[in-house]
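The structure appears below as structure tokens.
The values are calculated or read from the model by the stated rules, or taken from the named source; none is laboratory data. These numbers were taken from a predicted model, which means no experiment stands behind them. When we count neighbours, we look across all protein chains shown, and the Cβ atoms used for this are built from the backbone with ideal geometry, even at glycine. Quick note on the areas: whole protein, heavy atoms, side chains included, nothing else; ligands and nucleic acids left out. Shrake-Rupley method; radii C 1.70, N 1.55, O 1.52, S 1.80 Å.
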Amino acid sequence: MFVTVETAARTAPASVIVAIDGPAGTGKSSTSKAVAAKLGFGYLDTGAQYRAITWWMLANDIDVSDPQAIAVVVDKPVIESGTNPSAPTITVDGTDVSGPIRTQSVTSAVSAVSAVPEVRARITGLQRAIAAAAAPGIVVEGRDIGTTVLPDADLKIFLTASAEVRAARRSGELKGKEASDLVTTQAALAKRDAADSSRKTSPLAKADDAVEVDTTELTLDQVIECVVTLVEEKRNA
Ligand code: DC
């Protein structure tokens, strides 16, 4: 049989794209990784990409309070994300930065760096290329995936949780790594959310067609189950 490129494109099963957005401490990463693993999909942590470019700026003594200084060098670092949900990776110029991008210095600077339009344009391009190459599907987690990066995603989820629960979860994650009490963590999260939600270019926001899931009273397993069910419903629709 003669299969043209057009028929092949029509008959190939389309890749499924799931966008999971929301503020820090809502269980986005744990949920996204587990959902991707269950469905045999790839997983992309877009926060890690913003952290990676921020790490590079700090390592190269770029003034992170100066958007112009950031914009000039934005194309220099080579940032690569590995999308296996069981072992996601992030490298800058070939170096594994999965540890350094979680330090307090990067966490404190990442909102400012990620608010620079040139940074968003660069990282958004990387994200779209990864999503376009994904098969049979990918779960992409972030802040602006459903609104800006992948507005045609097959399913959009927006995770929320109360400020207290988010701070408690984040404190638990940080335990043993960095000194942090609940009040300090809650204040730091509130500051980062405010910066991420109020920036001009693609702020943290729920897409109109996103399904909002309040995780305050739910266990991680319940959230995972809920998202997997939503994906399966979409696939069977
Ligand atoms: O998910 P995270 O906390 O690791 O993200 C770190 C920061 O990166 C977050 O404070 C804002 C930024 N970010 C963003 O601006 N857009 C995204 N899609 C993901 C993260």
- Quick count over region 132-170, residues being open to solvent by 20 Å² or more (accessible area, probe 1.4 Å) and in a helix (DSSP H, G or I), is 11
- Query: So, in region 96-130, of the ones that are small (Gly, Ala, Ser) and more than 12 Å from the ligand (Cβ to nearest atom), which residue ends up surrounded by the fewest Cβ atoms within 10 Å (Cβ to Cβ)?
  - Reply: GLY99
- Message: Within region 76-95, take every residue that is among the hydroxyl-bearing types (Ser, Thr, Tyr) and within 18 Å of GLY142 (Cβ to Cβ) and give me the one that is nearest to the ligand (Cβ to nearest atom).
- Response: SER81
- Message: I'd like to know if region 174-186 contains one or more residues that are out of contact with any Asp or Glu (no Cβ under 8 Å at 6 or more places or on another chain) and under 19 Å from VAL16 (Cβ atoms).
- Response: no
- ALA129 vs (1) touching a Pro at 6+ places or on another chain (Cβ under 9 Å); (2) under 17 Å from GLN49 (Cβ atoms); (3) of a type in the set (Gly, Ala, Ser): all pass except (1)
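Would you check if there is a residue in region 171-187 being within 14 Å of the ligand (Cβ to nearest atom) and either closer than 21 Å to PHE41 by Cα or within 18 Å of the chain's Cα centre (by Cα) (or both)? Walk me through it before giving the result.
Quick first cut of region 171-187, residues within 14 Å of the ligand (Cβ to nearest atom) only: 173-174, 185.
Right, trim to either closer than 21 Å to PHE41 by Cα or within 18 Å of the chain's Cα centre (by Cα) (or both) and you get 173.
Looking for residues that are within 14 Å of the ligand (Cβ to nearest atom) and either closer than 21 Å to PHE41 by Cα or within 18 Å of the chain's Cα centre (by Cα) (or both), one finds at least one in region 171-187, hence yes.
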